[in-house]
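The values are calculated or read from the model by the stated rules, or taken from the named source; none is laboratory data. A quick note: this is a predicted structure, and the numbers were derived from the prediction, not measured. When we count neighbours, we look across all protein chains shown, and the Cβ atoms used for this are built from the backbone with ideal geometry, even at glycine. Areas reflect the complete protein model, heavy atoms only, side chains present, ligands, DNA and RNA absent. Shrake-Rupley method; radii C 1.70, N 1.55, O 1.52, S 1.80 Å.
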Amino acid sequence: MWTMGRRVLKAACSRVLLAVGTVFGISILVFFLSHLIPGDPVDVLLGERAMSTDRVNLERSLGLDVPLRQQLVRYYSGLLHLDLGVSIQTRQPIRTLLAERAPYTLALAVTALGFALLLALPLGLWGALYPGRAGDTCGLIFALLGGATPSFIIGPALIVIFSVWLGWCPIGGADAPDSIVLPAFTLSLGLAAILSRQLRGALLHVLREPYMRAASARGLRVAALLRRHALRNAAIPVLTVLGMQLGALLGGTVITETVFAWPGLGTLTVEAIEHRDYPLLQACVLLIATSYVIVNALTDWLLACCDPRVRGGQ
Amino acid sequence: MKRQYGSLLVLCAWLFCVLWVPRHAAGIHDVQLARMFALPAPGLWFGADELGRAIAPRVLAGAAVSVPLAAGIVAASLLFGSFVGILGGWSGAISSRIIVAVMDLFQAFPGLLLAIAFAGILGPGLGNVALALALVSWVSFARLARAQTVGLRYREHVLAARALGTPTYQILIRHVAPLLVGPLLVEATFSFATTITAEAGMSFLGLGAQPPTATWGNMLREATQFMLIAPHMIVGPGLALLSLVTAIQIFGERLRRGWRGLSDLPIERH
């Protein structure tokens, strides 16, 4: 029976505090991002021959008409009210834009995670149970190529094969329910490559442990042996890597979504860059980075739950 | 024999291209509309693009841009990162904590996203891409150097040097830094592969070198725009990027194994 030990609670509290601190740091970095714009942002946006009334208006809408300290105060009070300002390009509130696009990215990331697990679990298991055999070599080659192929090569290749030649999936966009398949698969490959190798390594390590031999001497079947002893112990290093790699997944959405014209946060980021919509760009970066921090904190909590040494609280 | 040196062979081939191509790059921008979207043929290995430019020489020219750029970015991040890392591992509690906090902050971002945001703010251009990637990639070196330095701080040879009154900078340069070279070089190899991919990705998004400069990312961007009518345009730059990155990763893995074997030896230079 698992009880929530005091140590778990304490670890969870300090982890939450760490996450909050990191989000604060991220927000500072994002605030100063807009101050990296070379020269005067108003000049960059309007050109040097702009009308002075336009300049004043733009300065006000960018919040650059007040001293830095007040800009910071305004920025944080906006963040606390979840008011991220207005997009320069579309004049819509940024919050609305993000709320429209975020579900698409979430769906893409979750589907990609599912695909990655579906690919990595059998490959890793097979590689660990039969190391050095043909299946293991295939897994190694898959991991090498999957890890090295960026989404802007695999994505167009998949479109050409499955959309143009075979006609199985839509080319891009998110109009049909099956249009998520290709972008999610593209996004999942890198993660699947690393996960399969990690799972194989962790399982190989666990399978050599004396308790595995003891369990098999007690007459446990292979399936039960794997399920009850091997996979549980191998889950810890695999989960750690999974948490770290989800950041790469979230960063990767920017390029993958662009390839497939998937209307998520990634394409919104690229649109913001193309239109020099700096407030929107800041908000996108802030949202993606914050969700990465939250995912990482959740992974740590999950790890603590998996590990009986932490869970028991002795 | 062949398996062992395959990655090195590919790497040497690319190095040769990088050194040889700039002197033979004339004519890669020549527009020949007569052979627009031409399919691969003898003498036109990877076909021609939307302006009838031959793809194969442009792929080589792209290597001459991307590879030195990535090497420069990795070298700069290696130097800066290991400097910060050694400092963070050696110095007292407060400055060490500040350095760790800054590293954690940078690590909290998905790296590619931060680089894209930096480059998006700074504006398109190769220099800005390099700056953005360097701003992101120093962290892994700093983290590694710090962890190693913390481990070395109380090693016997370092303690002996301190007991002899050797100045700190000399201890760091002569007794700590040499022991960091191996792990940092291995990290640099993997970082080189990541940086080449990231640079291509940012060029793919239109942030890197502007047309008509040929980089692999630019060519893949153009290829994606025309992939419905001329899918062969992806093959040249795609294969180039894949072969180089895979070779670097295999080489790095070899280097790591070799170094691990070497560092197990109980030999230390004094």
Provide Rg over Rh for segment B:150-270; use the alpha carbon set for both Rg and the Kirkwood Rh (inverse mean inverse pair distance). 1.25
First measure r as the distance between the Cβ atoms of B:L185 and A:F32, then evaluate 1/(1 + (r/R0)^6) with R0 = 25 Å and state the FRET efficiency to the nearest 0.05. 0.15
Using a 1.4 Å probe on the protein heavy atoms only, what accessible surface does A:H229 show? Give it in Å² to the nearest 10. 50
Distance between modelled label sites at A:R133 and B:Q210, nm, 7 Å Cα→Cβ extension: 5.8
If I fit a long axis through the Cα atoms of helix B:216-225 and take the longest principal axis of the Cα atoms of chain B, what angle between them do I get, 0 to 90°, rounded to 10? 40
Which one, A:G139, A:L113, B:F80, is farthest towards the positive end of the dipole of the protein assembly as shown when Lys and Arg carry +1 and Asp and Glu -1 on their Cβ? A:G139
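Over all alpha-carbon pairs in segment A:2-134, figure out the percentage whose distance exceeds 21 Å. Don't skip to the answer; put the middle values down first.
Details: 5896 of 8778 pairs.
The share of Cα pairs beyond 21 Å in segment A:2-134 comes to 67 percent.
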Go through segment A:20-33 residue by residue and turn each phi into a ³J(HN,Hα) via Karplus (6.51, -1.76, 1.60, θ = phi - 60°); whole Hz please, and just put x for glycine and proline. 4, x, 5, 4, 4, x, 4, 5, 5, 4, 5, 4, 7, 3
Surrounding charge for B:I98, neighbours by C-beta under 13 angstrom, Lys/Arg +1, Asp/Glu -1, total +1
Of B:G217, B:L180, B:L133, which is farthest on the positive side of the dipole of the protein assembly as shown, counting Cα position, with +1 on Lys and Arg Cβ, -1 on Asp and Glu Cβ, and the Cα centre as origin? B:L180
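Kindly compute the accessible surface that chains B and A hide from a 1.4 Å probe when together, both sides summed, and give it to the nearest 100 Å².
Interface between B and A: roughly 3300 Å².
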Probe 1.4 Å, all protein chains present, accessible-area order of A:I180, A:I28, B:I121, largest first: A:I28, A:I180, B:I121
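Run the dipole for segment A:61-108 about the Cα centre, Lys and Arg Cβ at +1, Asp and Glu Cβ at -1, nothing else charged, and hand back the magnitude in debye, nearest 20.
Dipole about the Cα centre, nearest 20: 40 debye.
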What FRET efficiency comes out for the pair A:D83/A:L145, r = Cβ-Cβ distance, R0 = 56 Å, nearest 0.05? 0.75
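For chain B, with every protein chain kept in place, what is the accessible area per residue (1.4 Å probe, Å²)?
That works out to 49 Å² for each residue.
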Simple spin-label estimate for A:A261/A:E274, 7 Å along Cα→Cβ, in nm, reads 1.0
Roughly how tilted is helix B:177-204, in degrees to the nearest 10 and between 0 and 90, from the longest Cα axis of chain B? 30
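In deg cm²/dmol, rounded to 500, what helix-only [θ] at 222 nm does chain A give when every DSSP H run of at least 4 residues adds -39500 (n - 2.57) and the total is split over its residues?
Working: 14 runs with 229 residues, N = 314.
Calculated mean residue ellipticity at 222 nm is -24500 deg cm²/dmol.
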Considering amide H positions built from the backbone, and no H for Pro or chain starts, which residues 5 or more places from A:V86, or on another chain, come under 5 Å of its amide H? A:I94
Calc'd 3J(HN,Hα), segment A:252-259, phi into Karplus 6.51 cos²θ - 1.76 cosθ + 1.60 (θ = phi - 60°), Hz, glycine/Pro = x, comes to x, 4, 4, 6, 4, 4, 5, 4
Applying the Karplus parametrisation 6.51 cos²θ - 1.76 cosθ + 1.60 with θ = phi - 60° to the phi angles of segment A:103-115, what ³J(HN,Hα) value in whole Hz is obtained for each residue in order, glycine and proline being reported as x? x, 5, 5, 4, 4, 5, 5, 5, 5, 4, 4, x, 4
Nearest-0.05 FRET efficiency for A:R15 and B:R97 at R0 = 25 Å, using Cβ-Cβ distance, is 0.90
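For chain A, with only Lys/Arg (+1) and Asp/Glu (-1) charged at the beta-carbon, what is the dipole magnitude about the Cα centre, in debye rounded to 20?
Working: 25 positive and 18 negative charges, 415 e Å.
The dipole magnitude comes to about 2000 debye.
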Could I have the simple spin-label model distance between B:A75 and A:R232, label points 7 Å from Cα toward Cβ, reported in nm to one decimal? 5.4
Let me know the charge dipole size of segment A:2-80 about its Cα centre in debye, to the nearest 20, where only the beta-carbon of Lys, Arg (+1) and Asp, Glu (-1) is charged. 820
Starting from segment A:131-219, pick out the trypsin sites (Lys or Arg not before Pro) whose DSSP state is loop and whose Cβ has at most 12 other Cβ atoms within 10 Å. A:R133, A:R208, A:R218
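Kirkwood-based Rg over Rh for segment A:160-215 (C-alpha set), two decimals?
Values: Rg = 19.2 Å, Rh = 14.3 Å.
Answer for segment A:160-215: 1.34.
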Okay, helix-only estimate at 222 nm for chain B: each DSSP H run of n ≥ 4 adds -39500 (n - 2.57), divide by all residues, round to 500 deg cm²/dmol; what do you get? -23500 deg cm²/dmol
What percentages, rounded to whole numbers, describe P(r) for the protein assembly as shown computed over all alpha carbon pairs with 20 Å bin width beginning at zero? 17, 51, 29, 3, 0
What would the Debye equation give as log₁₀ I(q)/I(0) for segment A:99-313 at q = 0.09, 0.15, 0.17, 0.19 Å⁻¹, counting only Cα atoms as equal point scatterers? -0.43, -1.00, -1.17, -1.32
